[in-house]
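One structure is given below, encoded as C-alpha cells.
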Amino acid sequence: MEQKPTPIGVFDSGYGGLTVLKELEKALPQYDYLYLGDNARAPYGTRSFDTVYEYTLQAVKWLFEQGCPLVILACNTASAKALRNIQQNDLPGLDPAKRVLGVIRPTAEIAGKLTKTGNIGILGTQGTVSSHSYILELQKFFPEVKVYQEACPMWVPLVENNEYNKPGADYFVKQNIDQLLAQCPDLDAVFLACTHYPLLLDKINKYIPDGTRVFEQGSIVAEGLVHYLERHPEMRSRLSTGSTRNFTTTDHAENFDKQATVFYGKSFSSHRIELL
Ligand code: DGL
C-alpha cells in the first residue's frame, strides 16, 4: 500500500534548531515541517554521550511515530554524540526506509572550500568539541585542512537566558575567540558549530579579525538537504508539500513560543509533548 506523504522532522535540544529550520524553509518552502525542541532537558552541550544518545533517540522515535520519514538533527551536539549510533544501530530496527541526517557532515563537506590559509576554526559546545566529529569529518573531505576547535560553554546559557545582546556577553565571546585565535592566528574561516550561536553573530564579528569570515550553519545545512533530496527521489516522494509548520516542545509551550521568535524571526504557537 502506498504511504501518505508526511512532514520533515526537525529536532534540537531547544531553540537553536529554529535557526536551521528558518533556512530549510527558505530553500525548500514547499515541504511540511514538524519541529521538536527538547527544552525541558536542554542544554545538551555538557551532557554525557549516553545521555545525549538516549534523549536524541527518544526524539527521533517520537518524530517517526508522527510519521516523519526524514528527521534532521538540527543540533551539533546530538549530531556529534548520537547520530552515528542511531544510523548504524537503531535505524535498521526502527524503520530501515526512514532517514536521520545531521548538521556536521553538510558543514564538513563544504568547509574546506571556504579557506585559503587551510586553517579552519570551529566554535561549539563542550560535547561537540570533545567528540572530535568535525576533525574526523573534515579529514574525509579535506585531509590537508587543519581544524582548530574551541568549546564555548557559556554561549548557549547566554542565548537561552536572553543575554546574547547584553554587555555581559562580550566578556565570554571575546574570551573564547581570543583562545581560538591563540591556537592559530592564521584562521580565515570560522564555523559556528552550534545552532544557538547565530544569535551571537554581532558580538562574534566584533572580536573576529578583519579577513576572517564567520559562517553560520543554517544555509549550509539547507543546501545540503537540497542536494540530498535531488539524489533521493524515493525520499522526496514521501514528503508532504502543504507548506505547513508545526512546533512542539517538551517544556511549557507558551514560554517556548515567546522565546522562539528571536530564533525563528516569526511567532507561532506550539504544543507540549512528552518524550519517553
Ligand atoms: N543547539 C545545540 C547545538 O547545536 C546546543 C545547545 C545545547 O547545548 O543543548 O549543539
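If you filter region 226-241 down to residues that are surrounded by 15 or more Cβ atoms within 10 Å (Cβ to Cβ) and among the aliphatic types (A, V, I, L, M), you find that the one that is farthest from Gly121 (Cα to Cα) is Leu239. Can you tell me which of (1) open to solvent by less than 50 Å² (accessible area, probe 1.4 Å); (2) away from the ligand (no atom under 16 Å from the Cβ); (3) out of contact with any strand residue (DSSP E or B) (no Cβ under 9 Å at 6 or more places or on another chain); (4) not hydrophobic (A, V, I, L, M, F, W, C) is the one Tyr164 doesn't meet? Among (1) open to solvent by less than 50 Å² (accessible area, probe 1.4 Å); (2) away from the ligand (no atom under 16 Å from the Cβ); (3) out of contact with any strand residue (DSSP E or B) (no Cβ under 9 Å at 6 or more places or on another chain); (4) not hydrophobic (A, V, I, L, M, F, W, C), the lone unmet condition for Tyr164 is (2). Flag set for Gly112, criterion: more than 16 Å from the chain's Cα centre (by Cα), outside any loop (DSSP other than H, G, I, E, B) and of a type outside the set (A, V, I, L, M). Select, from Leu70, Leu101, Leu57, the only residue that is farther than 17 Å from Leu229 by Cβ and aliphatic (A, V, I, L, M). Just a single option satisfies the conditions, and that option is Leu57.
Within region 64-105, being assigned to a helix (DSSP H, G or I), among the small types (Gly, Ala, Ser) and within 12 Å of the ligand (Cβ to nearest atom) holds for Ala78, Ser79, Ala80.
Residues are listed down the side, and each one gets a yes or a no for (1) in a helix (DSSP H, G or I); (2) in contact with a Ser or Thr (Cβ under 6 Å, 6 or more places away or on another chain); (3) open to solvent by less than 80 Å² (accessible area, probe 1.4 Å):
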{"site": "Ile177", "(1), (2), (3)": "yes, no, yes"}
{"site": "Asp186", "(1), (2), (3)": "no, yes, no"}
{"site": "Val214", "(1), (2), (3)": "no, no, yes"}
{"site": "Ser219", "(1), (2), (3)": "yes, no, yes"}
{"site": "Gly224", "(1), (2), (3)": "yes, no, yes"}
{"site": "Ser243", "(1), (2), (3)": "no, no, yes"}
{"site": "Phe247", "(1), (2), (3)": "no, yes, yes"}
{"site": "Lys258", "(1), (2), (3)": "yes, no, no"}
{"site": "Leu275", "(1), (2), (3)": "no, yes, yes"}
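Do you know which residues across region 14-41 are within 16 Å of the ligand (Cβ to nearest atom), open to solvent by 10 Å² or more (accessible area, probe 1.4 Å) and not aromatic (Phe, Trp, Tyr)? Matches in region 14-41: Thr19, Lys22, Glu23, Asn39, Ala40, Arg41. The lone criterion from (1) within 16 Å of the ligand (Cβ to nearest atom); (2) not in a strand (DSSP E or B) left unmet by Gln139 is number (1). Among the residues of region 144-154, is there at least one that is open to solvent by 30 Å² or more (accessible area, probe 1.4 Å), within 17 Å of Tyr44 (Cβ to Cβ) and touching a residue at least 24 places away in the same chain (Cβ under 8 Å)? The answer is yes, given that some residue of region 144-154 is open to solvent by 30 Å² or more (accessible area, probe 1.4 Å), within 17 Å of Tyr44 (Cβ to Cβ) and touching a residue at least 24 places away in the same chain (Cβ under 8 Å).
In the condition set (1) closer than 15 Å to Cys194 by Cα; (2) among the β-branched types (Val, Ile, Thr); (3) more than 10 Å from the ligand (Cβ to nearest atom), Thr117 is compliant with all but (1). Scan region 113-138 for residues that are of a type outside the set (Val, Ile, Thr), modelled with pLDDT of 95 or more and either open to solvent by less than 10 Å² (accessible area, probe 1.4 Å) or on the phi > 0 side of the Ramachandran plot (or both) and the total you get is 7. Please specify each residue of region 188-212 satisfying the condition of being assigned to a helix (DSSP H, G or I) and either within 15 Å of the ligand (Cβ to nearest atom) or open to solvent by less than 10 Å² (accessible area, probe 1.4 Å) (or both). Of everything in region 188-212, those that are assigned to a helix (DSSP H, G or I) and either within 15 Å of the ligand (Cβ to nearest atom) or open to solvent by less than 10 Å² (accessible area, probe 1.4 Å) (or both) turn out to be Tyr197, Pro198, Leu199, Leu200, Leu201, Ile204.
The values are calculated or read from the model by the stated rules, or taken from the named source; none is laboratory data. Predicted model only: the values in this text are computed from it and were never measured. Counting neighbours? That spans all protein chains shown, and the Cβs are built from the backbone with ideal geometry, glycine included. Surface accessibility is based on the protein's heavy atoms, side chains included, excluding ligands, DNA and RNA. Shrake-Rupley method; radii C 1.70, N 1.55, O 1.52, S 1.80 Å.
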